[in-house]
1. For residues in the stretch 32-49 being assigned to a strand (DSSP E or B) and touching an Asp or Glu at 6+ places or on another chain (Cβ under 8 Å), which is farthest from G77 (Cα to Cα)?
2. Output the residue which, of all residues in the stretch 250-276 that are surrounded by fewer than 20 Cβ atoms within 10 Å (Cβ to Cβ) and within 16 Å of R54 (Cα to Cα), is nearest to the chain's Cα centre (by Cα).
3. Find the residue count for the stretch 173-209, including only residues that are of a type in the set (A, V, I, L, M), outside any helix (DSSP H, G or I) and farther than 11 Å from V151 by Cα.
4. Buried (at least 18 other Cβ atoms within 10 Å of the Cβ), among the aromatic types (F, W, Y) and in a loop (DSSP other than H, G, I, E, B), is that true of W290?
5. Give just the number: which of (1) out of contact with any Leu (no Cβ under 6 Å at 6 or more places or on another chain); (2) not assigned by TED's automatic domain parsing to the domain that holds T26 does L137 not satisfy?
6. Would you point out which residue out of V186, V219 is at pLDDT 95 or above, of a type in the set (A, V, I, L, M, F, W, C) and assigned by TED's automatic domain parsing to the domain that holds R140?
7. Please go through the stretch 72-114 and give me each residue that is of a type outside the set (D, E, K, R) and under 13 Å from T41 (Cα atoms), ordered by number.
8. Which residues, counting only those in the stretch 141-158, are touching a Leu at 6+ places or on another chain (Cβ under 9 Å) and either assigned to a strand (DSSP E or B) or modelled with pLDDT of 95 or more (or both)?
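The values are calculated or read from the model by the stated rules, or taken from the named source; none is laboratory data. It should be emphasised that the depicted structure is a prediction, and the values quoted were computed from it without experimental measurement. As a convention, Cβ positions derive from the backbone with ideal geometry for all residues, glycine included, and neighbour counts pool all protein chains shown.
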Amino acid sequence: MNFLDVDDLTTGELAAVLDRAAAIKTDYREDGATDLLDGQTLGMIFEKPSTRTRVSFETGMTQLGGHAVFLGPDDIGLHGREPVKDIARALGRYVDFVMARVYDHADVVELGEYAEVPVINALTDDAHPCQTLADLLTIREHFDDPTVAWVGDGNNVCQSFVLGAAMSGLDLTVATPEGYGVDEGVLERAEGLGTAPATTTDPEAAIADADVVYTDVWVSMGQEDERAEKLAAFEGFQITPELLGDRALMHCLPAHRGEEVTDAVIESDNAIVWDQAENRLHAQKGLLAWLAEQE
């Protein structure tokens, strides 16, 4: 089974992964490392660099008794030395899981088609489902039944969160500038899973009844040539202390302080971003352990 976006899981399976993550987090804090994945290996394909993704997956495999192999752009050469499907076939003979952080979502789909071991999407330009697992785990640790507002770009992080929110029954409103909203196909999928989020171009309206405000960078990796255009388009969408009020702040990080969020907000007691970042580790351990049990 592959995990290429959140809705590759059923609603029940998503709940089971989050339950497993929570249990592993508690057990690790009480007893330390386990042998759940003893002798197993995760192959990690990185076309895009990352701090949280690499460290959380590599540490997670170690804490579960397994091993991770880093394969950077110079090692793997997607679309270079050999076709993606040949890379997938070879890796599937060596490792027990493949994790890929790449630009083109079609690449993880092709890896999943040919690898014959579970393939995990650790970020593409379309989706970031591992982040959503961490987000949902963080929300359930802090709140019982919160109202959530997304303020900013309807990007890959937002799109996976929209699906996860629908599957989890979260009341979500998404505020984006005109032209930067969530893909219509994603909204249709969310509707089929539960309820599509309310959408608006007014940040203040979006957060009016919110308990949690979630934002992300306006200029993602690979979009640097759009920087000036985006900064102009997102005027009024910055999360400031005045806009946030007493609500909790979530951000998948890294944050561009002074753009989508102020330094004061990130450093405030309202920010639960560090719990969110830590939960990348625990959510991914829950996912890996759950996937291993499905084979």
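1. T41
2. L253
3. Total satisfying the criteria: 4.
4. Considered against the rule, which asks whether it is buried (at least 18 other Cβ atoms within 10 Å of the Cβ), among the aromatic types (F, W, Y) and in a loop (DSSP other than H, G, I, E, B), W290 comes out as no.
5. Evaluating L137 over (1) out of contact with any Leu (no Cβ under 6 Å at 6 or more places or on another chain); (2) not assigned by TED's automatic domain parsing to the domain that holds T26 leaves (1) as the failure.
6. V186
7. Listed by number, the residues that qualify are L91, G92, Y94, V95, F97, V98, M99.
8. Residues satisfying the conditions are P146, T147, V148, A149, W150, V151, N156, V157.
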